[in-house]
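Working notes, beginning with the structure itself.
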Amino acid sequence: MVEQISTRVVYTNPWMTVREDEIVHADGTPGIYGYIERADFVLVIPEENDGFHLVEEYRYPIRRRSWSFPQGSAKVPDREDEARTELAEETGLRAEHLRFLARLDNSHGLSNQSMHVFVATGLTPGEPAREVTEQDMRQKWVSRADFEQMILRGEITDASSVAAYGLYRLGS
C-alpha cells in the first residue's frame, strides 16, 4: 500500500487539476506521484443497422483529426442524461433506448478520471448543438465490419472508443 504524506496543486484550470503527492511506498521508500484530476465522462455507442455513428474532430494534444464514438461531459442530473445530452449535442441523434455497459478507469496510472459507457438504440436524427470547440466535428455512419477495419488500419486510435467496443462485443 502507498501512503500519502502530503499533496499540492501544481496547476489548475476549469478542466483539470495537476497534483503532486509526497508518498511512502509499502517498504518505507519515500517518493512522489504526479497525477491529473478530471471529471468523469460518458461515451456513447450509437448503434444502428449493424453499424455505428462516429464523430471526427481535431484533437489538439495529438495534433490531428481523430474518429471516435461521441463522448464528453455535461452538467446534468445523472449519467444517462449526460449520455443523451452528449449524443444529441455531437450528432443530433436522439436515443429511444440507452443501455449502460460499464464504468472504466480512463488512464489509471495518470488520472482519476473514469468513463461510463452506454449503447444508444432507437435513434432519431436531429440537428447537432455542438460546442465552440466542436465546430469542426464531422460525423458518419459505418458498418461494424468497416469500424473494425478502421481500428486495424489505425484510423481509429481513440483508446476509449476501442475499449468501449470491446465491452460492446463482450456484452452483445
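For this structure, a couple of remarks:
- Across segment 109-172, the volume of the C-alpha convex hull divided among the residues equals 162 Å³ per residue.
- Charge-dipole axis of segment 73-172 as Lys and Arg at +1 and Asp and Glu at -1 on Cβ define it, positive-most pick from Ser107, Ile156, Ala145: Ala145
- Per-q log10 I(q)/I(0), the chain, q = 0.14, 0.18 Å⁻¹ (Debye; single scatterer per alpha-carbon; no solvent): -0.79, -1.15
- Cα-projected label distance for Ile151 with Asp78, points at 7 Å along beta-carbon direction, nm: 3.0
- Of Leu110, Leu93, Leu54, the one that fluctuates the most in a GNM where the chain has Cα springs shorter than 10 Å: Leu110
- Extension gain, Glu3 back to Arg103 (0.36 nm per residue minus Cα-Cα distance, nm): 33.4 nm
- Once the chain from Arg19 to Thr133 is taken as fully extended at 0.36 nm per residue, the excess over their C-alpha distance is 38.5 nm.
- Near-label residues of segment 87-117 by backbone N, under 13 Å of a point 7 Å along Cα→Cβ of Ala159: 105-115
- Using the average count of surrounding beta-carbon atoms within 10 Å as a protection proxy, the listed peptides 17-25, 80-88 rank, highest first, as 80-88, 17-25.
- Highest average first, the peptides 42-48, 151-157, 5-11 ordered by how many other beta carbon atoms sit within 10 Å of their residues are 42-48, 151-157, 5-11.
- Contact order normalised by residue count of segment 1-120, Cα under 8 Å, 6+ apart, percent: 23
- Per-residue Cβ neighbour counts within 10 Å put Leu170, Leu123 in the sequence Leu170, Leu123, beginning with the fewest.
- Fewest-first ranking of Thr12, Thr29, using other Cβ atoms within 10 Å as the exposure measure: Thr29, Thr12
The numbers here are math on the coordinates, done by the rules we state, and not lab data. As the structure is a prediction and not an experimental result, all values here were calculated from the model. Cβ coordinates were reconstructed from backbone atoms using ideal geometry, including for glycine residues, and neighbour counts include every protein chain displayed.
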